[in-house]
1. Answer with yes or no whether B:Ile143 is in contact with a His (Cβ under 9 Å, 6 or more places away or on another chain), modelled with pLDDT of 95 or more and β-branched (Val, Ile, Thr).
2. Please determine, by comparing only the residues of segment A:453-472 that are within 8 Å of chain B (Cβ to nearest Cβ) and touching a Pro at 6+ places or on another chain (Cβ under 8 Å), which one is farthest from A:Ala64 (Cα to Cα).
3. Among the residues of segment A:245-267, is there at least one that is of a type outside the set (Gly, Ala, Ser), closer than 27 Å to A:Pro482 by Cα and more than 24 Å from the chain's Cα centre (by Cα)?
4. For B:Ile368, which of the numbered conditions (1) aliphatic (A, V, I, L, M); (2) in contact (Cβ under 8 Å) with a residue 12 or more places away in the chain; (3) assigned to a helix (DSSP H, G or I) fails to hold?
5. From (1) surrounded by 16 or more Cβ atoms within 10 Å (Cβ to Cβ); (2) more than 15 Å from A:Leu74 (Cβ to Cβ), pick out the condition that doesn't hold for A:Ala215.
6. Given the conditions (1) within 11 Å of chain A (Cβ to nearest Cβ); (2) buried (at least 24 other Cβ atoms within 10 Å of the Cβ), report the number of the one that B:Thr493 does not fulfil.
7. Considering only residues that are surrounded by 14 or more Cβ atoms within 10 Å (Cβ to Cβ) and closer than 13 Å to A:Ile368 by Cα, which ones fall in segment A:397-411?
8. Scanning segment A:185-202 for residues that are hydrophobic (A, V, I, L, M, F, W, C) and at pLDDT below 95, which turns out nearest to the chain's Cα centre (by Cα)?
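The values are calculated or read from the model by the stated rules, or taken from the named source; none is laboratory data. These figures come from a predicted structure and were not determined experimentally. Here the Cβ positions follow ideal geometry from the backbone for every residue, glycine too, while neighbour counts run over all protein chains shown.
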2 protein chains.
Amino acid sequence: MNKESMSRRDALKLGALGTAGLAMLSASNAMAAAPTEKDVKFDEEYDVIVIGTGFAGLAAAAKAAERGYKVLILEKMGRIGGNSVINGGGMAIPNSSWQKKYGIEDSGEQFIKDCLKAGLGINHVELLETIVKRSQDALDFSIKCGAKWQDVKPAWFGGHSAPRTLVTDNMSGSGVIKPMHEFVEKLPGCKIMTRTKMDDFVMSNDGLSVLGVTARINYRFDVKLLSDDVENKTGEKKVYRAKKGVILASGGFSMDKIFRKIQDPRLVEDMDATNHDGATAGALLKAFQIGALPVHIDWIQQGPWASPDERGFGVAPLLTQQGLFKFGVAVDVRNGKRFMNEMADRKTRADAEYVILREAPKAYPVAIGTYNTFDTQIYPQIEKGLQGGVMKKFDTLDALAANYKIPLDALKETIKKYNEDAKNGVEDQFKKQTLKDVKGKEAIEMKGPFYAIRLVPKPHHTMGGLHINTKAQVISANTGKPIPGLFAAGEVTGGTHGASRLGTVAVTDCLTFGMIAGETI
Amino acid sequence: MNKESMSRRDALKLGALGTAGLAMLSASNAMAAAPTEKDVKFDEEYDVIVIGTGFAGLAAAAKAAERGYKVLILEKMGRIGGNSVINGGGMAIPNSSWQKKYGIEDSGEQFIKDCLKAGLGINHVELLETIVKRSQDALDFSIKCGAKWQDVKPAWFGGHSAPRTLVTDNMSGSGVIKPMHEFVEKLPGCKIMTRTKMDDFVMSNDGLSVLGVTARINYRFDVKLLSDDVENKTGEKKVYRAKKGVILASGGFSMDKIFRKIQDPRLVEDMDATNHDGATAGALLKAFQIGALPVHIDWIQQGPWASPDERGFGVAPLLTQQGLFKFGVAVDVRNGKRFMNEMADRKTRADAEYVILREAPKAYPVAIGTYNTFDTQIYPQIEKGLQGGVMKKFDTLDALAANYKIPLDALKETIKKYNEDAKNGVEDQFKKQTLKDVKGKEAIEMKGPFYAIRLVPKPHHTMGGLHINTKAQVISANTGKPIPGLFAAGEVTGGTHGASRLGTVAVTDCLTFGMIAGETI
């Protein structure tokens, strides 16, 4: 980070929310109103232009190219795959062939109920119904493209009423992105350009239809900038025509330091997220300017299972979710007491952590457990966590308490009470259901050793985005009808998840609506 | 309602959310991209144009006109005052001269804490700090304009840590709107035009600054249309220049049947709201299209104290909040059981009512109480409620149960248990704090008569809107800086209230930022 950007960043911390500070930013890309046909000269012409190379973008491109269309895929970053390629590779499919194969009963109705419960009832049910109808097709399409999924009983993720989740062979979204990328590369007429940033839409002269995009090639995303979208001046301008339309699959905005803070001021500028650096709101905000409607924009899912001791997603989420949280505790370092149900939903836990962090910004709570709490399949991660320093191991509670400056007696009292309740089958103060599995045993094994991870909420998924219909068409505020030539899929859209996304429904949403956009266009 | 609009409305219910149905709407005002200077010929020229005549609009206009500016005020409806004129007339002022006069201790910090608590921590604190600094000035300015406030001890509203609320002499927002309207009318160079709808902004040729608005005079708002903003074709086009800028004070969108449902699909098209018919999102959505940023758009406050048996706000809110809810019960008519703490926050109660109404759309819960539960100051409303048929009176529980088809034995059991708990000072199942006041007594007096009101949540206030800074300037997505020539105040903005507005802070927000917009422009 250079001095100039440092001082700007510091100045921003002093200023009012994204306002006083932002007044200092150079407005390199300042331009209101998307250009129209008469304002531009098209450099190249395609049938379809796809913005983004995550699950939604590649599925859309693959489907459109398979139909014989000439497709241009723009990716602003230097690598393919956005957040998708660093995703955990789980895809929930309700009432799937996979479930039938393994004798699991499920129904689309139950899936919708589960999503509505997590989403606080504000989900767009017609999008969930579309997932019920088409997610199996999306899975099959991913397989056709070369994705390999573990042929085991579907996994059971939190909030789902049945085991519904398939996981890729390599337990990563790259297990879909890599083959799909290769599939697309092989199709005639399909072209991917990395380091190419879409700047704006090109509209018809009457302003009603999307005809293409303006973009910059040789663009270098700059992580040091407070707002890459506003400040970055790199690259050379190009104008691309899209005869059939543009499919926006530009992802969420968990790393947009300005826009995410407008929605939730607790997300201060220097806060890390689980996302890749390029997850900003630029393309989303341009869509609003041609009449696309915002939906559920301020619901930002934050991972209460992340750690301040590593960047990005890291290993802490696995080690806490499939480890320390189940039988272990999370304590407030200031008083050694528990402050949440370690297995509650993401929002409840993130909010509980924020209560502490607002009072004492560096007093990260600590998750504590013993070896018995880890799921067998994540044993390989334990060493990784310890080596990276994200997780620490202590022979005694005394050493653990000393390291984190937790009042020792209070901590011991907390764990004693917790273990007694669990052992006796008495409901603990937060009614944690997983403790039923250790009835009659020690939840936290007092002989040690003890494992600990410091916790911080990290923005993980932005539920909101553009309002689309079941055909992945973007609806206009001005007409109430689809904007001709504009489609969107994946995290840049909103509605499917409502207020809170259930785990592993993101991949489902992205692949399903990406495929549909490619079919519809 | 004519046949045509009926059939369209019915079609919409069948179609997907605002999509299939909307495709049928005529796109009379379809136009993307705001016109620029070169596209228009200005019919008239002013210094300042204000959109809307509620608290924010009139305060802005009065302040700007007082500074000597020539001000045009546009109001799309036939009457002045929007929702403000039907508002309850309460204004919370933290640490006010009024509090000092009556010996009440308060602080700005405590006010901000209260707002953050209700707002789930996502409020824009710099806007709350501005209210702390300037709301006394806003009150004083309203008095200068002729508003009269009751010279009594400030009232104590839910969620506030101290009595902070002044109420107008006539206990209505009209106590501010009427004198402020007269004040503005008397100022030279101030012109109000009703039935004049702003259609769009006029931008500078570089697209960066707001220069004025396009509008239609002789516009007739049509309540029968599903979307007046999209469908209404009435009026003659005019173009007005605003040399200093436009102040958007167009209010919230609780009556926008399309946009509110996109944010919360539980708000079906035929659902009533507490708002006036003109509370739609048209101007807000136009602002997004010139680069204004959305904030907290999906937080729609719903009044759990409203009734399906009257239109709009009505008398039910008073009769339940200051009556039946305090010592009475709300029961599910299907089983005669309570289903919520009748004194919980608005969102909790509205959500609880929705759980019932989603299962059985017409099974409106019923609030039941006896005479002892009404506050003395609302005694005059009791007769009003009974006469209008919103509240019913029964000599016996048997008659009440029969009327609402509530299982009698279950209802009696519910009330018996409730009364026993209250009498014995045992916490009831929902931990309702007000029952402490009837310890040793009957909460519901079994001798009767019994009063009952059917309940439904009604959209009441849209917390979200445009992102503004502390000077009421609207921030641009494209530059991160204020959009030159664009200001906004009141319910069309977001951030002050976060996820949930405390009672009587709306008037504060509107008058304060309206005044500031008029000062800054």
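1. no
2. So, considering only residues that are within 8 Å of chain B (Cβ to nearest Cβ) and touching a Pro at 6+ places or on another chain (Cβ under 8 Å), the one farthest from A:Ala64 (Cα to Cα) is A:Gly464.
3. Checked segment A:245-267: no residue is of a type outside the set (Gly, Ala, Ser), closer than 27 Å to A:Pro482 by Cα and more than 24 Å from the chain's Cα centre (by Cα).
4. The one condition B:Ile368 does not meet is (3).
5. If we test A:Ala215 against (1) surrounded by 16 or more Cβ atoms within 10 Å (Cβ to Cβ); (2) more than 15 Å from A:Leu74 (Cβ to Cβ), just (2) comes out false.
6. (1)
7. Passing the criteria: A:Leu397, A:Ala399, A:Leu400, A:Ala401, A:Tyr404, A:Ile406, A:Leu411.
8. Here is the first cut: in segment A:185-202, the ones hydrophobic (A, V, I, L, M, F, W, C) are A:187, A:190, A:192-193, A:198, A:201-202.
After this cut, where a residue has to be at pLDDT below 95 as well, the list is A:187, A:190.
Values: A:Leu187: 29, A:Cys190: 27 Å.
Among residues in segment A:185-202 that are hydrophobic (A, V, I, L, M, F, W, C) and at pLDDT below 95, the one nearest to the chain's Cα centre (by Cα) is A:Cys190.
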